[in-house]
1. Does any residue in region 120-131 that is more than 19 Å from residue 81 (Cβ to Cβ) and touching a residue at least 60 places away in the same chain (Cβ under 8 Å) come within less than 9 Å, Cβ to Cβ, of a residue that is in a helix (DSSP H, G or I) and among the basic types (Lys, Arg) six or more places away or on a different chain, and which pairs are these?
2. With (1) part of a helix (DSSP H, G or I); (2) touching a Gly at 6+ places or on another chain (Cβ under 9 Å); (3) surrounded by fewer than 22 Cβ atoms within 10 Å (Cβ to Cβ); (4) not aromatic (Phe, Trp, Tyr) as the list, and residue 43 as the residue in question, which single condition is left unmet?
3. Do you know which residues across region 3-35 are open to solvent by 40 Å² or more (accessible area, probe 1.4 Å) and either at positive phi or touching a helix residue (DSSP H, G or I) at 6+ places or on another chain (Cβ under 7 Å) (or both)?
4. Being open to solvent by 80 Å² or more (accessible area, probe 1.4 Å) and modelled with pLDDT of 95 or more is the filter here, so list the residues in region 61-73 that pass it.
5. What number goes with the only condition from (1) closer than 17 Å to residue 205 by Cα; (2) touching a strand residue (DSSP E or B) at 6+ places or on another chain (Cβ under 9 Å); (3) assigned to a loop (DSSP other than H, G, I, E, B) that residue 170 does not pass?
6. Take the residues in region 97-124 that are of a type in the set (S, T, N, Q) and open to solvent by less than 10 Å² (accessible area, probe 1.4 Å), then tell me which one is farthest from residue 62 (Cα to Cα).
7. With respect to residue 213, is the statement that it is within 19 Å of the chain's Cα centre (by Cα), at pLDDT below 95 and open to solvent by 40 Å² or more (accessible area, probe 1.4 Å) true?
8. Looking only at region 74-102, which residues are free of Cβ contacts under 8 Å to residues at least 60 places away in the same chain and in contact with a Phe, Trp or Tyr (Cβ under 7 Å, 6 or more places away or on another chain)?
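The values are calculated or read from the model by the stated rules, or taken from the named source; none is laboratory data. This structure is a prediction, so every number in the text was calculated from the model and none was measured. Positions of Cβ are generated from backbone atoms using ideal geometry, with glycine treated the same way; all protein chains shown enter the neighbour counts. Side chains included, ligands, DNA and RNA excluded: accessible areas come from the protein's heavy atoms. Shrake-Rupley method; radii C 1.70, N 1.55, O 1.52, S 1.80 Å.
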Amino acid sequence: MRLFLSSYRFGADPAPLMSLVGKTGRVGVIAAAADAWPRVARASAVVSDVMPLTRLGFTVEEADLRDYIDSDGQPDVNALEERLSGFDMLWVRGGNTFVLRAQMARSGADQVIRNLLRNDSLVYAGYSAGACVMAPTLHGLDCCDDPAEVVTTCGMDPLWDGLGVLSFSIVPHYPPAGGPGAEDSVPLEDAAEVRRTVDALRRAGIEYRTLTDDQAIIVNGDRTELV
């Protein structure tokens, strides 16, 4: 199993991701965390992820999970598995973690991604919401993401379980410690949300790890490291 989980895109340096992937192949961008956004904003967000990946040499296209949910709300799991298995890496962008989790459930992507990772068929690279969704639980993330967006966007109640690939939760956008300008690196409102998330996880006794926007967690087989 190979995971690259960051707070913001590549973190401080794309080299660890490139080393994990091993080659510049095909990348599928999953932007389901932005499905609650206005159409133009969502499209712009996809482009903002495609361009830096393309500059690294990858062949990039979007894999829209909504395309694998039929008119009755049923998932086409076989078609989605065929689609995702053709990629060397999945790039799962940030947004609303609860919306992302719901769209993964509705499309069957949660099942498909776990199977692909179990077989080491590809690299899963996710940042912000794309990293948080891999945890056992989404508890505490309601301090920064609105679960109510799931009802209006997905037509279902929010799910509070993550994919359970990790044994701990991730708190992204954590303010860096010390150094010149550190106090200005995260907007005050975002920093307050991060503190509330950490407090909620502590009160619930949930194991968690924080990530600044320069950091990433890499899982490669049995090895897990912070870079």
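1. Pairs that qualify, where the first residue is more than 19 Å from residue 81 (Cβ to Cβ) and touching a residue at least 60 places away in the same chain (Cβ under 8 Å) and the partner is in a helix (DSSP H, G or I) and among the basic types (Lys, Arg), are 129/101.
2. (2)
3. Passing the criteria: 9, 22.
4. Those that are open to solvent by 80 Å² or more (accessible area, probe 1.4 Å) and modelled with pLDDT of 95 or more: 66, 67.
5. (3)
6. 97
7. Spelling it out, it is not the case that residue 213 is within 19 Å of the chain's Cα centre (by Cα), at pLDDT below 95 and open to solvent by 40 Å² or more (accessible area, probe 1.4 Å).
8. Within region 74-102, 75, 76, 79, 80 meet the criteria.
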